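Report on one structure; see the data block that follows.
FYI, it's all coordinate maths here, none of it is from the lab. Predicted model only: the values in this text are computed from it and were never measured. Note that each Cβ is placed from the backbone with ideal geometry, even for glycine, and that neighbours are counted across all protein chains shown.
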Amino acid sequence: MSSRQLTAIEASQAELEEDEVISGTGEGDEIMEEPEEQEDGYTSSTPTSTLTWISWFCSLPGHEYFCEVTEDFIEDDFNLTGLNTMVPFWKEAMEMVLDVEPDEDASKIPDVSIVESSAEMLYGLVHQRYILTRVGLQAMVDKYENNIFGSCPRVYCVGCNVVPCGRSDMPGLDTVKLFCPNCNDIYVPPSSRFQGVDGAFFGTTFAHLFFQSYRELSPAPFWKAPMSGGSSLSPRSATSGSSSRSTTFSNPNPHGGQKRAAGYVYVPRIYGFKVSERAKSGPRMHWLRLRPESPSELDLVDWRGRWIDEDDEYDDDVDDDEDRQMEDFDPVR
């Protein structure tokens, strides 16, 4: 083959390559299409594509106390009684919570953040009712046993687990608090990220209904363990058993199926001497922390919390107290 023919062939190949570059066809297209196919496959397998609004809301920082309310509970109109007057943009908020495509009228809303705040209030008020059901209580039990809510900051409660609660059932009055079943007091959450959570989203009933429904999670009403020797849990049960038994019955759970309470009370001292309760700087809440030392002492207290053999010298004062109006919630205090 002559040199002229080789030159002509090389020139024709060069022209073909230039035509491919200009027309955009050739092997380069296959290389450019591969990243697009990978990108499409990546977006379809992303977890956020199947994440619901409820799951997203409960996964936000500071929302660890919330449990996921089922959509069946939210779609039941009976569970939403009275909430439509408390939540603005009710329809739009419901559509956002249930991941429903908004209507054309939703475009008239000037700011989407308004609907987001309404959806948060709607879910919080529904959550207050949901955690009072059997399914909701069980969901909160799982969080309680995993110590999601934290423990009591009081030293003598010895790390007793707490549950969230509110001081009011109406939103916008107070933030969420933590209730300790051992000292029966409420505390501010330790982290600042919970300061934006409304206490009404948990309500005033949940904490006490929680420990009434699951008594094995609450501390026993007495804190001192019964003495070894076969003493029964109740003085009434001592006469029911037969005295002719040779072996002494030992209760495997001396606290009646509940946890042993930490009933220790802090005593203020100055140079080793106790500070009198009558002093201006003396303790004022000492008697509220006291617990019976044995199960038999529970039967020696009447419904008013007084000893049965105590003199009735304060009956007149008690009658006056019964006539007083019950204290309402005061967010200022």
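Values computed for the structure shown
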item: Order of Ile270, Ile131, Ile74 under a 10 Å beta carbon neighbour criterion, fewest first; result: Ile270, Ile74, Ile131
item: Ratio of Rg to Rh over segment 135-204 (Cα coordinates, Kirkwood Rh, two decimals); result: 0.96
item: For segment 67-173, size of Cβ-based charge dipole, Lys and Arg +1, Asp and Glu -1, in debye; result: 1000 debye
item: Unit charges on C-beta of K, R, D, E only; dipole of segment 53-130, Debye; result: 380 debye
item: Alpha-carbon centroids, segment 113-129 and segment 131-154: separation in whole Å; result: 21 Å
item: Size of charge dipole - segment 147-217 - debye, nearest 20, with Cβ of Lys, Arg +1 and Asp, Glu -1, no other charges; result: 140 debye
item: Radius 14 Å from Cβ of Ser113, net charge of other residues (Lys, Arg +1; Asp, Glu -1); result: -4
item: 5 angstrom amide H check on Ser218, placed H, neighbours 5+ away; result: Lys259
item: Distant-in-sequence amide H partners of Thr175 (H built 1.01 Å from N, under 5 Å); result: Gly199
item: Amide proton proximity set for Asp185, modelled H, under 5 Å, gap of 5+; result: Cys180
item: Added length on full extension, which subtracts the Cα-Cα distance from 0.36 nm per residue, Ser151 to Asp99; result: 15.2 nm
item: Backbone HN-Hα couplings from phi across segment 87-96 [Karplus 6.51/-1.76/1.60, Hz, Gly and Pro as x]; result: 10, x, 6, 4, 5, 5, 5, 5, 5, 5
item: Against the rule of thumb 2.2 N^0.38 Å, how large the Cα Rg of segment 53-130 comes out; result: 1.06
item: Karplus-derived 3J(HN,Hα), 6.51/-1.76/1.60, for each residue of segment 59-70, Hz, glycine and proline x; result: 8, 5, x, x, 10, 5, 6, 7, 10, 7, 7, 5
